[in-house]
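Step one of this worksheet: look at the structure below.
The values are calculated or read from the model by the stated rules, or taken from the named source; none is laboratory data. In this text the structure is predicted, and so the values were computed from the model without any measurement. Virtual Cβ from ideal backbone geometry, glycine too; neighbours counted across all protein chains shown. Protein only, heavy atoms only, side chains kept; ligands, DNA and RNA dropped before computing areas. Shrake-Rupley method; radii C 1.70, N 1.55, O 1.52, S 1.80 Å.
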Amino acid sequence: MPIRAAPYQHQRDAFCEATGAFNTDKSRGYALLMEMGTGKTITSIGIAGALYLTEKIKKILVVAPLSIVGVWDEEFAKFADFDFNLAVLSGSGMKKADTLRHMQGQSLQIVVVNYESAWRLEKQLLAWKPDLVIADEGHKIKSHNISASKAMHRIGAKAGYRLLLTGTPVTNRAIDIFSQYKFINPAIFGLSFYSWRNRYFDMTGYGNHTPVLKKTMEEELTRKMHSIAFRATKAECLDLPETTDIIRHVTLEPDAMKVYRDLAKDSYAELSKGEITAPNVLTRLLRLSQVTGGFVGDDEGNAPTRISKAKQAALDDIIENVTNEGKKLVIIARFVSEIKAICKTLETRGIGYSCIMGEITDREKQVSAFQNDPNVQVFVGQIATAGMGITLTAASTMAFYSLDYSMSNFEQAKARIHRVGQKESCSYIYLIAKSTVDEKVLKALRNKADLAKTLVDDYRIGANPFV
C-alpha cells in the first residue's frame with residue numbers, strides 16, 4: 001500500500017481484495033463495508049495510489065457528505081505516499097466549476113465535493129472525466145430515485161473504477177442496497193429497481209407498500225453483495241488499538257465566524273485593561289467556546305441565541321453512521337443549550353436516547369436504558385455531570401461536541417466507554433471548529449498541558465490567545 005503508515009491486517013486485506021478485483025476485471029466497482037474506526041479512508045487512499053502508480057487512473061472524484069469533505073484533504077496530506085494535487089470544491093457554482101477546469105497535471109488529480117453539489121455540477125464533473133469515483137458514506141445514495149443518487153449512477157457509469165465506502169449498505173431496510181450497487185456495478189443486481197425488488201422482496205402491509213425480504217432469497221442477496229465487497233467490523237479487527245482519536249474539523253458559517261472573531265478581538269482588548277490571570281483568560285474563553293458550539297449568550301441572563309449549525313450538521317452525520325451500523329453512540333457536550341439542541345434533533349429523527357445533565361435526577365434509569373434497551377441508541381451527557389461513576393460500554397464510539405478545560409473531566413468522560421466490559425476498540429471523535437480556541441483546548445487536553453498557562457503565555461508574547 002503506497003501510504004506513509006503501517007496498515008493493519010484488515011486494511012491490507014481490503015486493499016488486496018479491491019485491487020485484485022480491479023486488476024482481474026472481476027469488477028471495476030468495489031465496496032468497502034468497513035465500520036467507523038476501521039480505516040475506510042486510509043484504505044481507499046492506498047487503493048487510489050496503487051491505481052495511479054500502475055497508470056490506471058489520473059483523476060479521482062470523491063463525493064462525501066458536506067461535514068466530512070475536509071477529512072479527505074487532511075487524510076491525503078497525512079498518508080498518501082505518491083504525488084497528488086487535491087482541491088475541495090467550495091464557494092459559488094461558478095467558482096467550483098472554475099476550480100474543476102484547472103485540475104489538470106501529471107500528478108494524481110483529486111477533486112472532493114459534497115453530494116448536493118455533485119448532482120448540481122454533474123455536467124462539469126462528467127466533462128472533467130474522472131477515472132475513479134469514490135462515494136464516501138455511500139448510504140447517502142440509498143434511495144434510487146432522488147437527484148443525488150441518479151447523478152452518482154450516471155457519473156459512476158462513465159468512470160473506469162468506482163469505490164463505495166460505508167459501515168453497512170443496509171440502513172433501515174434491505175431495499176436500500178439496490179441504488180448503492182447500481183453505482184458500484186449494475187451487473188450485480190441489474191438496472192431495473194422494480195425487477196430487482198420483485199425478485200428479492202414481497203410487498204406487504206396496507207396497500208402493499210412495505211417491502212419484506214424473501215427468506216428464500218437472503219442467501220443469494222448476501223452472496224452477490226459480498227462478491228464485490230470487503231466487510232470489516234471493529235469486533236472482528238483484533239489488531240486495532242484499544243483507542244483511536246478522530247478529529248473532525250468543522251468550518252463555521254461566515255456570519256458565525258464573524259461573531260467569533262469580533263468577540264475574540266474584544267476579549268483580547270479587555271485583557272489589557274486588567275490583571276492577566278488564568279481566571280480572567282478562562283472567563284473570556286468560556287464565551288468563545290459557546291460560540292464554536294453554535295450559541296451566543298448575553299449579559300442579561302437570557303437564553304442563548306443559536307448562530308451556527310455547523311457542528312450539529314457534522315454530529316448528525318456521525319449519528320446516522322453509527323446508528324445505521326446498528327451500534328450505539330455516546331455524545332458529550334459542555335453547555336446545556338447544546339445538549340437540548342442535540343436531544344431535540346434526536347427526537348425529531350425518532351432516535352431513542354438517554355440524557356444526563358445538571359437537571360436530570362434519574363441517572364441510574366438513564367444509564368440502564370442506554371446499556372440494556374436496544375431502542376435507546378444514543379446517550380447524551382454533560383461533561384461535568386455525566387463523566388463520573390457511570391458505565392456506558394454499550395457504545396464503543398464517543399463524540400465530543402464540545403469540551404471544558406478540566407483534564408479530570410476529559411479523562412473521566414473517555415473512561416465511560418473504555419473500561420471493564422468493553423469488547424471493542426474505542427473511537428473518540430472530536431468536533432473542532434477551525435481557527436478557533438477549540439483547537440487549543442483539545443491540544444492542551446491531549447498533551448496534558450495547562451491550558452490557562454498556555455493562553456497567558458500566548459498573551460504575554462503579544463499573540464491573541466483566542467485565535
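Of note:
- Residue tally, condition farther than 29 Å from Asp316 by Cβ and open to solvent by 10 Å² or more (accessible area, probe 1.4 Å), over the range 24-67: 12
- Check on Asp450, among the acidic types (Asp, Glu), open to solvent by 10 Å² or more (accessible area, probe 1.4 Å) and at pLDDT below 95: yes
- All conditions but one from (1) under 21 Å from the mean Cα position of the chain (by Cα); (2) buried (at least 22 other Cβ atoms within 10 Å of the Cβ) apply to Asp316; the one that does not is (2).
- For the range 222-240, a residue qualifies if it is aliphatic (A, V, I, L, M) and either touching a Pro at 6+ places or on another chain (Cβ under 7 Å) or under 24 Å from Gln180 (Cα atoms) (or both), and the qualifying residues are Met225, Ile228, Ala229, Ala232.
- Residues satisfying the stated conditions in the range 322-333, i.e. at pLDDT below 95 and open to solvent by 10 Å² or more (accessible area, probe 1.4 Å): Thr323, Asn324, Glu325, Gly326, Lys327
- In the range 369-384, the residue that is nearest to Ile417 (Cα to Cα) out of those that are under 21 Å from the mean Cα position of the chain (by Cα) and not hydrophobic (A, V, I, L, M, F, W, C) is Gly381.
Residue-wise test of (1) in contact with a Lys or Arg (Cβ under 8 Å, 6 or more places away or on another chain); (2) more than 25 Å from Glu116 (Cβ to Cβ).
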position	(1), (2)
Gly156	yes, no
Leu163	no, no
Leu191	yes, no
Tyr200	yes, yes
Asn208	no, yes
Glu219	no, yes
Phe230	no, yes
Lys234	no, yes
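Conditions tested, residue by residue: (1) of a type in the set (A, V, I, L, M); (2) without any contact (Cβ under 8 Å) to a residue 60 or more places away in the chain; (3) open to solvent by 10 Å² or more (accessible area, probe 1.4 Å).
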{"position": "Ser406", "(1), (2), (3)": "no, yes, yes"}
{"position": "Lys440", "(1), (2), (3)": "no, yes, yes"}
{"position": "Tyr459", "(1), (2), (3)": "no, no, yes"}
{"position": "Pro465", "(1), (2), (3)": "no, no, no"}
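- Filtered residues of the range 71-99 (kept if within 24 Å of the chain's Cα centre (by Cα), in a loop (DSSP other than H, G, I, E, B) and of a type in the set (Asp, Glu)): Asp81
- Members of the range 175-201 that are buried (at least 18 other Cβ atoms within 10 Å of the Cβ), more than 15 Å from Thr222 (Cβ to Cβ) and among the aromatic types (Phe, Trp, Tyr): Phe183
- Any hit, the range 244-264, residues being acidic (Asp, Glu) and in a helix (DSSP H, G or I): yes
- Per the listing Lys158, Lys224, the residue uniquely under 18 Å from Lys26 (Cβ atoms), free of Cβ contacts under 8 Å to residues at least 60 places away in the same chain and either open to solvent by 50 Å² or more (accessible area, probe 1.4 Å) or hydroxyl-bearing (Ser, Thr, Tyr) (or both) is Lys224.
- Test: residue in the range 337-351 that is within 16 Å of Ala413 (Cβ to Cβ), at pLDDT 95 or above and of a type in the set (Ser, Thr, Tyr): no
- Scan of the range 208-219 for residues that are open to solvent by 50 Å² or more (accessible area, probe 1.4 Å) and either polar (S, T, N, Q) or in a helix (DSSP H, G or I) (or both), ordered by number: Asn208, Thr210, Lys215, Thr216, Glu218, Glu219
- Restricting attention to the range 408-438, the residues that are open to solvent by 50 Å² or more (accessible area, probe 1.4 Å), more than 20 Å from Gln371 (Cα to Cα) and in contact with a strand residue (DSSP E or B) (Cβ under 8 Å, 6 or more places away or on another chain) total 1.
- A Cβ distance below 6 Å, combined with a sequence gap of six or more or placement on separate chains, defines the contacts here; from the range 370-381, residues that are more than 17 Å from Ile342 (Cα to Cα) reach residues that are open to solvent by less than 50 Å² (accessible area, probe 1.4 Å) and part of a strand (DSSP E or B) in the pairs Asn375/Gly352.
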